[in-house]
Amino acid sequence: MKFKLILCAVSCLLSTIAKADLTQDAESIFNWAENTFPRYFPSHRTTQTLDYWRYRYYPETGIYVGANTMDNNVYGLGGEFGVVTKNVGSSQALLAMAGTNSSNGSISCVNLSLPAKGTRFFTDHSIKGQIGTAFGVVSKSETIYTAVTNTRLEQTVISTQLKTAFFPESISTKDSVTIFDVKDDIAYLSSNETSMTSDRLPDLIKTKTTYNPSIISGPRNKVCKNQTWQTTPSEQTAVSTVNGKETTKVSNVDPKHTFTVEAIDDEVATPAGSFKAIRIRNESDTEVLITWGSIDKGIPLKSVTTHKDSATVNESILTNVQYP
């Protein structure tokens, strides 16, 4: 009886919405949710239909997940979602996250560990130019995780660009703070704040950039092989301060990046040691970025960026790590 009353309440709340067919998309999203977020959806359930809804109910957690076939959004109700329907995202965005991992069979997935607060890691960055020209290490960076919670990940980077034939001037970046907000186990880039000096511009330049909406970064706690997701357009607001003078620039960004989890069991050797790693491909119109991240330490290990319009390749590798 309680089950029917809750569903009727949801139906009446949105009774003015006209029907549309989202059946197959709902199946893909629900299957992916079960495989990716067992905390909320711990078993495989059959999809049911009520008016404009395709939904599943999980008695273990008391949670309903439903796709509204008119507004093309997905909602949660009950358990940790509360007694009022909560919009958890559009079907299009969730389908992009689900990628090919939407079957209810066996899927190769791995749980990711969060980095410990206070962890420091050091990285060398190098460039290889056209026709094999190598510029060697052009910059070094030190990163510390200053905040690590279930809803927020904050990292501070100190980097120095070295004088080379490729970069004739040195640039120092101090306290570049990047903040990721975590919602429903998905990390989103929300802001970045950088302080910088150079040989040419010795005065401190401060820039804070915020994104609205935040740009999706990817799953925080669990990934599956062949899983894919895409970035969506966002409004970028950059506030720069030079010699006490502040300027603001607002622009629309549409990065059009497609992420694919290529492997969840790589072995990566670095000067800081060998690690079990996931490998993610990030492709845009202009470049392909391959990154390796530690499964049990939560830190980046290695990256290779290939620019499509040239033969230039950027590489980064972990050289040292200090745990708190």
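Each reported figure results from applying straightforward, stated rules to the coordinates on display, with no laboratory input. Only a predicted model underlies this, so the values are computations on that prediction, with no experimental measurement involved. Note that we place each Cβ from the backbone using ideal geometry, even for glycine, and neighbour counts take in every protein chain shown.
Packing, taken as the mean count of other beta carbons within 10 Å per residue, orders the peptides 245-255, 216-226, 45-55 from highest to lowest as 216-226, 45-55, 245-255. Above 22 Å, the calculated P(r) of region 168-324 contains 55 percent of its Cα-Cα pairs. As a proxy for reagent exposure, ranking VAL65, VAL83 by other Cβ atoms within 10 Å from fewest up yields VAL83, VAL65.
Rounded to the nearest 20, the Cβ-based charge dipole of region 189-318 about its Cα centre (Lys and Arg +1, Asp and Glu -1) stands at 280 debye.
Going from the fewest other Cβ atoms within 10 Å to the most, the residues MET70, MET196, MET97 appear in the order MET70, MET196, MET97. For the cross-link pairs LYS245/LYS308; LYS208/LYS302; LYS86/LYS302; LYS117/LYS208, which exceed 31 Å when the distance is taken from alpha carbon to alpha carbon? As for pairs spanning more than 31 Å Cα to Cα, those are LYS245/LYS308; LYS86/LYS302. By other beta-carbon atoms within 10 Å, ranking VAL261, VAL148, VAL84, VAL288 with the fewest at the front produces VAL84, VAL288, VAL148, VAL261.
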